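What follows is a set of notes on a single structure, which appears directly below.
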Amino acid sequence: MPKSDRQKADFRRQKEVRRQSEKDRSAHEALRGKKMATLSSLSRELPTEDELFNFGDILSAEPSDRSAAIMAAGLVEQALYVAATSRMADPGPAIRNTWFEDANAPFATFAAKIKLGRALGIYGPKMDKTLCRIKDVRNVFAHRSTPIDFTHPSVEAAVMKMNSQPMTGSTPVRTRYCAICLATTKLLIKDAFEQGGKEIALSFP
């Protein structure tokens, strides 16, 4: 390569290095002063309105059954949190964290939130069973150390027992599970908007 060509190539490389360096520095400066999100806060981060509207497509695009199952159930758990807290007095974030977020919080787990929802009268026994089955399927995908998908007979049986709108027998089990999670989420969010801040009517025998 002629000397002039080498000089031009070196100049282009140096220019690219400077450009990338300036880009990295700008990104660093943009983050300066901002506290990095904790893993706990990331797990509680709600979908944006656009993500929520397109959540069905997001789940369909997930490459593995494991990730789709965990994400779908995670959305249900977040909706259950919103519905439950809309029915409760607002003590402020510090005390609310002792209820839902701290290490020994009584309502930190999905199972505890399901019990709380039933105790608050948000739903009855049928939806309680559906939520428990969603949780159980989620737990299998989250905690099993070897590969598993929706074709496993036990997983399929659990999904087929869930309450849902009528679907054809040919509907894939993963599609059915995700549709049930989305429908359940919509019901919980609807309850939060309609019942939030209202006192629950009590009747005594």
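Please pick out the residue among 141, 150 that is open to solvent by less than 20 Å² (accessible area, probe 1.4 Å), in a loop (DSSP other than H, G, I, E, B) and at pLDDT 95 or above.
150
Answer yes or no: is there a residue in the stretch 40-53 that is of a type in the set (Phe, Trp, Tyr) and open to solvent by less than 50 Å² (accessible area, probe 1.4 Å).
Within the stretch 40-53, not a single residue is of a type in the set (Phe, Trp, Tyr) and open to solvent by less than 50 Å² (accessible area, probe 1.4 Å).
Tell me yes or no: at least one residue of the stretch 61-71 is at pLDDT below 80 and not in a helix (DSSP H, G or I).
no
Hey, could you check the stretch 87-138 for residues that are in contact with an Asp or Glu (Cβ under 7 Å, 6 or more places away or on another chain) and assigned to a helix (DSSP H, G or I) and say which is surrounded by the most Cβ atoms within 10 Å (Cβ to Cβ)?
Top of the filtered list is 114.
The values are calculated or read from the model by the stated rules, or taken from the named source; none is laboratory data. Remember, it's a predicted structure, so these values are computed and weren't measured experimentally. No Cβ is skipped: glycine too gets one built from the backbone with ideal geometry, and neighbour counts run over all protein chains shown. We work out accessible area using only protein heavy atoms, side chains counted, and drop any ligands, DNA or RNA first. Shrake-Rupley method; radii C 1.70, N 1.55, O 1.52, S 1.80 Å.
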